[in-house]
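Novice: Sharing a structure below in structure tokens format, with a few things to ask.
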Amino acid sequence: GDFYDVIRLDDQHFGLLIADVSDKGMPAALYMALTRSLLLAEAHRSLSPRVVLENVNRLLMELGQVDLFVSIFYAVIDCPTRRMVYTRAGHERPILLRSGSAQLLPGQGTVLGILDLEDLLLEEKSIDLQEADRLILLTDGLLDVSNPQGAFFGRERLFELFSTFSAQSPQELC
């Protein structure tokens, strides 16, 4: 049920997204395919991540798949200005690595596909990206990895790991 993509919007903007459907197997795969199609269509209609996700939510609600929902992080990056505008719809917070430190990007939002627009919370935030910034996008699958003793890797441990090694190159981080 996980998905990520980069979408060319025009000559100056591209979209960046990561998403996770609430279930596993074929139903989740079909729901994610539907969500991806809706996202691709709506992304070309607006440069506002909040507006795009509100429209996707409205369409998912109209289609009426009651037992599934999707979390999404969607950002639009303006290439000339390096400004990133984003909305988190219940998805894991991205980690920004900058100048030898790590920080979680702020922003609140609820998952898509279960709440009507009047109950949906989607904040749109923005940040000016710097040349050496790295953005870590992840799903809960990374946090739920466990060792042979059954202990989960966890959010705090992942953040600590990226904080410790934040000055390394992308290749070294991998």
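Novice: Taking Leu68 as meeting all but one of (1) open to solvent by less than 30 Å² (accessible area, probe 1.4 Å); (2) within 16 Å of the chain's Cα centre (by Cα); (3) farther than 19 Å from Asp5 by Cα, write down the number of the exception.
Specialist: Against the list (1) open to solvent by less than 30 Å² (accessible area, probe 1.4 Å); (2) within 16 Å of the chain's Cα centre (by Cα); (3) farther than 19 Å from Asp5 by Cα, Leu68 comes up short only on (2).
Novice: Further, regarding this structure: Starting from residues that are of a type in the set (Gly, Ala, Ser) and modelled with pLDDT of 90 or more, keep the ones in segment 99-131 and report whichever is nearest to Leu16 (Cα to Cα).
Specialist: So in segment 99-131, the residues of a type in the set (Gly, Ala, Ser) come out as 99-102, 107, 109, 113, 126.
Among the residues that remain, those that are also modelled with pLDDT of 90 or more are: 107, 109, 113, 126.
Details: Gly107: 16, Gly109: 17, Gly113: 20, Ser126: 14 Å.
Selected residue: Ser126.
Novice: Would a scan of segment 11-23 turn up a residue that is among the polar types (S, T, N, Q), in contact (Cβ under 8 Å) with a residue 24 or more places away in the chain and under 21 Å from Leu138 (Cβ atoms)?
Specialist: Scanning segment 11-23, I find at least one residue that is among the polar types (S, T, N, Q), in contact (Cβ under 8 Å) with a residue 24 or more places away in the chain and under 21 Å from Leu138 (Cβ atoms), so the answer is yes.
Novice: Shifting gears a bit: Determine whether Arg50 is at pLDDT 95 or above, in contact with an Asp or Glu (Cβ under 7 Å, 6 or more places away or on another chain) and either part of a loop (DSSP other than H, G, I, E, B) or open to solvent by 70 Å² or more (accessible area, probe 1.4 Å) (or both).
Specialist: So Arg50 passes the test.
Novice: Failed condition for Leu129, given (1) out of contact with any Lys or Arg (no Cβ under 6 Å at 6 or more places or on another chain); (2) touching a residue at least 40 places away in the same chain (Cβ under 8 Å), with all others met?
Specialist: Single failed check for Leu129: (1).
Novice: If you don't mind, there's one more thing I want to ask. Would you mind listing the strands (runs of 3 or more DSSP E) fully within segment 97-143 where at least 3 residues are out of contact with any helix residue (DSSP H, G or I) (no Cβ under 8 Å at 6 or more places or on another chain)?
Specialist: Details: elements: 101-104, 124-128, 134-136.
Result: 124-128.
Novice: Something else now. I'm told Leu97 meets every condition in (1) touching a Leu at 6+ places or on another chain (Cβ under 9 Å); (2) more than 19 Å from Val6 (Cβ to Cβ) except one. Can you identify the failing condition by its number?
Specialist: Answer for Leu97: the failing condition is (2).
Novice: I'm checking my understanding of the structure. Among residues of segment 123-143 that are more than 30 Å from Arg58 (Cα to Cα) and among the charged types (D, E, K, R), which one is most open to solvent (accessible area, probe 1.4 Å)?
Specialist: Glu131
Novice: Within the set of pairs 6 or more residues apart or between chains, which connect a residue that is farther than 11 Å from Leu97 by Cβ inside segment 157-174 to a residue that is open to solvent by less than 40 Å² (accessible area, probe 1.4 Å) and in a loop (DSSP other than H, G, I, E, B) with Cβ atoms less than 8 Å apart?
Specialist: Correct list of pairs: Leu158/Leu138.
Novice: Within segment 11-31, track down each residue that is among the acidic types (Asp, Glu) and either open to solvent by less than 30 Å² (accessible area, probe 1.4 Å) or closer than 15 Å to Thr87 by Cβ (or both). Break it down into steps so the answer makes sense when it comes.
Specialist: Start the filter on segment 11-31 by keeping residues that are among the acidic types (Asp, Glu), which leaves 11, 20, 23.
Within segment 11-31, Asp20 is the sole residue that qualifies.
Novice: A follow-up question, please. Just to verify a result, which residue in segment 132-157, among those that are more than 29 Å from Ile77 (Cβ to Cβ) and touching a strand residue (DSSP E or B) at 6+ places or on another chain (Cβ under 6 Å), is modelled with the lowest pLDDT?
Specialist: Ser146
Each row is one residue, and each column tells you yes or no for (1) within 28 Å of Thr81 (Cα to Cα); (2) touching a Pro at 6+ places or on another chain (Cβ under 6 Å); (3) open to solvent by 80 Å² or more (accessible area, probe 1.4 Å).
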{"site": "Ile95", "(1), (2), (3)": "yes, no, no"}
{"site": "Glu118", "(1), (2), (3)": "no, no, yes"}
{"site": "Leu121", "(1), (2), (3)": "yes, no, no"}
{"site": "Gly150", "(1), (2), (3)": "no, no, no"}
{"site": "Arg155", "(1), (2), (3)": "no, no, yes"}
{"site": "Glu160", "(1), (2), (3)": "no, no, yes"}
{"site": "Ser163", "(1), (2), (3)": "yes, no, no"}
{"site": "Ala167", "(1), (2), (3)": "yes, no, yes"}
{"site": "Glu172", "(1), (2), (3)": "yes, no, yes"}
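The values are calculated or read from the model by the stated rules, or taken from the named source; none is laboratory data. Computed from a predicted model, the values in this text were never measured in an experiment. Using ideal geometry, Cβ is built from the backbone for each residue, glycine included, and neighbour counts are taken over all protein chains shown. Calculation scope for accessible area: heavy atoms of the full protein, side chains included, ligands and nucleic acids excluded. Shrake-Rupley method; radii C 1.70, N 1.55, O 1.52, S 1.80 Å.
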